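Below is one structure; the comments refer to it alone.
What follows draws every value from the coordinates through simple rules; no lab data is involved. Model, not experiment: these values are computed from the prediction. Note: ideal-geometry Cβ built from the backbone for every residue, glycine included; neighbour counts use all protein chains shown.
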Amino acid sequence: MKRVLVTGAGGPAGVNFIKSLRLAPEKFFIVGSDANKYHLELPDCDARYLVAPCSHPEYINQLNAIVEAEGVEFVHPQPDVEVRTISENREKIKAKTFLPRKETVRICQDKKATAEIWEKKGIPVARTIPVEDEGSLKEAARELGFPFWLRATTGAGGRGSTPCCNIETAKAWITYWRSRGENWEFIAQEYLPGRNIAFHSIWNDGELIVSQARERLEYIYPSLAPSGVTGTPSVAVTIEREDVNRIATDCILAVDSKPNGIFCVDLKENRNGIPCPTEINAGRFFTTSLFFSQAGLNMPYIYVKLAYNEEIPKLKKYNALGAGLYWIRHIDSGPILVREGEWRSKKL
């Protein structure tokens, strides 16, 4: 029985990763770690450990103590911050990992760096202006027009992002975060009004193993965010689009010519309907990994088998599930999978 440690196990993404492994045709001994004792009660773990935040100097030592105590063979970091910490310290971890190169993780966690790389490679991307002062905001207004998108260069879940319809809003937005002690770097980007798309993929030594794209249709509690985007969808649907597959693949290969592990790409259509990559989540799954697992494509299980150097069945590199599968979820409601044309509601 494989013995796996999932960090950030109490968050929605960690919970869904673990649920996916529980759907696999083999049994796992799953250890969960988290810095939040309340959230750590949520995942279906065989053992649970409360740990310090990954910024703590003892974090790696604590993980190794768990590895030794539970005989853990493989560590999967789920939150972005823990991906970065474990990536940088992978040689110190006393268990295997399956992560992209260190430099790849660094680049992918910097939205400004990835945008610059993609632009140089000729990949369609939102025009980006680094924000250093009020002059940068005025430049963004001239070059991008209103509204433009203001966002932090690092972080997940739409952190520090809002559309700006004037300079005053942009200045106030940055001032607000500074007043809360957040010293994030910001970028202004061309506002992309089209569809919001996610491309999930797993790679092994530079080879694409499997992928599937989906479109985010609605968000959980959108009214709580100025942008209307709260980082995780309440409704998503699988799609088949050659342009999405091609552009997402190109943007991954632009940052790493030999990708390894998980690469999940966020894209948004511009005014001409062209999907533009906005960021890559490297080394971790999107929150809704359970969506594909319930539909028959268990990406967490495939990923773990590859980490153990085990053979996997032949899979479609693109459109592995096909289009028209809806994943509907909300707080305390549980998720439901619905196929196009199988709606239970009636129209009057």
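Based on the Kirkwood approach, the hydrodynamic radius assigned to region 127-190 is 11.4 Å, with every pair of different Cα atoms included. For the chain, averaging the sequence separation of C-alpha pairs within contact (under 8 Å, six or more residues apart) and dividing by the residue count gives a relative contact order of 17 percent. Within the chain, the longest run free of GluC sites (Glu not before Pro) that sit in a DSSP loop with at most 13 other Cβ atoms within 10 Å is 183-309. A simple rule links phi to the HN-Hα coupling: the Karplus curve 6.51 cos²θ - 1.76 cosθ + 1.60 with θ = phi - 60°, which for region 168-180 gives 4, 4, 4, 4, 5, 5, 5, 4, 4, 5, 4, 5, 8 Hz, with x for Gly and Pro. Within the listed set A47, A152, A172, the residue fluctuating most in the Gaussian network model of the chain (springs between alpha-carbon atoms under 10 angstrom) is A172.
Shape index of region 1-136: Rg/Rh, with Rg the Cα radius of gyration and Rh the Kirkwood radius from the inverse mean 1/r over Cα pairs, equals 1.08. Once the Cα atoms are used to define both axes, helix 111-120 deviates from the longest principal axis of the chain by about 70 degrees. By other beta-carbon atoms within 10 Å, ranking F186, F17 with the fewest at the front produces F186, F17.
Here's how it looks for Y318: its modeled amide H is under 5 Å from those of S211, which are all 5 or more places away or on a different chain. Relative to the longest principal axis of the Cα atoms of the chain, the long axis of helix 12-22 lies at roughly 30 degrees.
Counting only aspartates and glutamates at least 8 places from K317 when in the same chain, those with an alpha carbon closer than 16 Å to its own are D205, E207, E240, E242, D243, D250.
Couplings 3J(HN,Hα) of region 211-220, computed from phi: 7, 7, 9, 9, 10, 7, 9, 9, 10, 5 Hz, in residue order, whole Hz [Karplus 6.51 cos²θ - 1.76 cosθ + 1.60, θ = phi - 60°; x for Gly and Pro]. Here the residues H330, H76, ranked from fewest to most Cβ neighbours within 10 Å of their Cβ, fall in the order H330, H76.
For helix 59-70, what angle does its Cα long axis make with the longest principal axis of the chain, in degrees from 0 to 90 and rounded to 10? Once rounded, one gets 30 degrees. Applying 1/(1 + (r/R0)^6) with r as the Cβ-Cβ distance of W177 and E116 and R0 = 22 angstrom yields a FRET efficiency of 0.45. Shape call for region 196-339 from the C-alpha gyration tensor, a ≥ b ≥ c root eigenvalues: rounded (a/c under 1.5), prolate (a/b greater than b/c) or oblate? Oblate shape, in that a/c is at least 1.5 and b/c is the bigger or equal ratio.
Using a cutoff of 8 angstrom between alpha carbon atoms and counting only pairs six or more residues apart, the relative contact order for region 251-348 works out to 16 percent. Students often get this wrong, so check it: of K92/K258; K121/K258; K112/K316; K27/K258; K2/K111; K102/K268, which have C-alpha atoms separated by over 25 Å? Exceeds cut-off: K112/K316; K27/K258; K2/K111; K102/K268. Distances between placed amide hydrogens fall under 5 Å for S234 paired with E218, Y219, I220, all partners being 5 or more residues away or on another chain.
What separates the Cα centres of region 289-327 and region 1-78 is a distance of 21 Å.
Relative to its Kirkwood radius, the Cα radius of gyration of the chain gives an Rg/Rh of 0.96. Shown here for region 31-103: trypsin sites (Lys or Arg not before Pro) in loop regions (DSSP other than H, G, I, E, B) with at most 11 other Cβ atoms within 10 Å, namely K37.
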